[in-house]
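S.K.: Below is the structure I would like to discuss, written out as structure tokens.
The values are calculated or read from the model by the stated rules, or taken from the named source; none is laboratory data. Bear in mind that the values here come from a model prediction, so they are computed numbers and not experimental data. All Cβ positions, even for glycine, are placed from backbone atoms using ideal geometry, and neighbour counts span all protein chains on display.
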Amino acid sequence: MLIYDDIYTWEGPAHGDQALWIMTCHLWIIDLSLSHPEIVFIRPTIVVASDISDGPRRKICAETLGRQIYLDFHLDIRRTLWVEYDPSLPAKMTVAYMKPRYHDGQEMIYSIQWRNPMNTEKDMIRRFIPKLDI
């Protein structure tokens with residue numbers, strides 16, 4: 001079930017009265033367990049993020065916006081499939097693999113590797129977000 005489909009904005013750390021940066025994305029969150037309660041999913045949550053910030057495009061989840069989304073929506077990073085969507089790129093979608101690196105005393109820091117989505121992942125996303133050109 002699609003549980004979130006909206007614009008998500010996060011203001012980075014403040015410097016005086018202004019945020020140092022503002023990141024904005026179109027964010028979709030899918031909870032597979034609500035659509036199929038009889039199935040136990042390894043990763044029941046799918047996050048699809050598409051950068052719509054002003055300025056150059058970037059990988060959204062690299063230690064900034066992604067971390068904030070996990071906190072704001074109470075998502076378990078180990079049980080969430082993170083997908084970034086950019087229709088201007090030939091591949092259009094990339095999937096993040098987040099591997100724990102170390103704990104900095106306050107939180108776990110992850111290294112991020114990118115891969116192409118599997119066909120089954122694309123099919124699942126198409127079911128819930130048919131308007132994406134994937």
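S.K.: Name the residue that is modelled with the lowest pLDDT, counting only residues in region 60-85 that are assigned to a loop (DSSP other than H, G, I, E, B) and farther than 17 Å from W28 by Cβ.
M.R.: A62
S.K.: What are the residue pairs meeting all of these: first residue in region 1-16, first residue at pLDDT below 85, second residue of a type in the set (A, V, I, L, M, F, W, C) and exposed (fewer than 12 other Cβ atoms within 10 Å of the Cβ), Cβ atoms under 7 Å, and 6 or more apart or on different chains?
M.R.: Between residues of region 1-16 that are at pLDDT below 85 and residues that are of a type in the set (A, V, I, L, M, F, W, C) and exposed (fewer than 12 other Cβ atoms within 10 Å of the Cβ), the close pairs are G12/L20; P13/L20.
S.K.: Name the residue that is farthest from the chain's Cα centre (by Cα), counting only residues in region 91-102 that are in a strand (DSSP E or B) and modelled with pLDDT under 90.
M.R.: Restricting to residues being in a strand (DSSP E or B) and modelled with pLDDT under 90, the top hit is Y102.
S.K.: Same structure, new question: Among (1) more than 23 Å from T9 (Cβ to Cβ); (2) touching a His at 6+ places or on another chain (Cβ under 6 Å); (3) among the small types (G, A, S), where does S33 come up short?
M.R.: The failed condition is (2).
S.K.: Quick one: which of S33, S88, S53 is farther than 19 Å from P117 by Cβ, among the hydroxyl-bearing types (S, T, Y) and modelled with pLDDT under 85?
M.R.: After applying the criteria, what remains is S53.
S.K.: Something else: Every residue in region 117-134 that is in contact with a strand residue (DSSP E or B) (Cβ under 7 Å, 6 or more places away or on another chain) and not in a helix (DSSP H, G or I), please.
M.R.: P117, I129, L132, I134
S.K.: Among the residues of region 84-97, which ones are more than 19 Å from D6 (Cα to Cα) and either in contact (Cβ under 8 Å) with a residue 40 or more places away in the chain or touching a helix residue (DSSP H, G or I) at 6+ places or on another chain (Cβ under 6 Å) (or both)?
M.R.: Correct list: K92 only.
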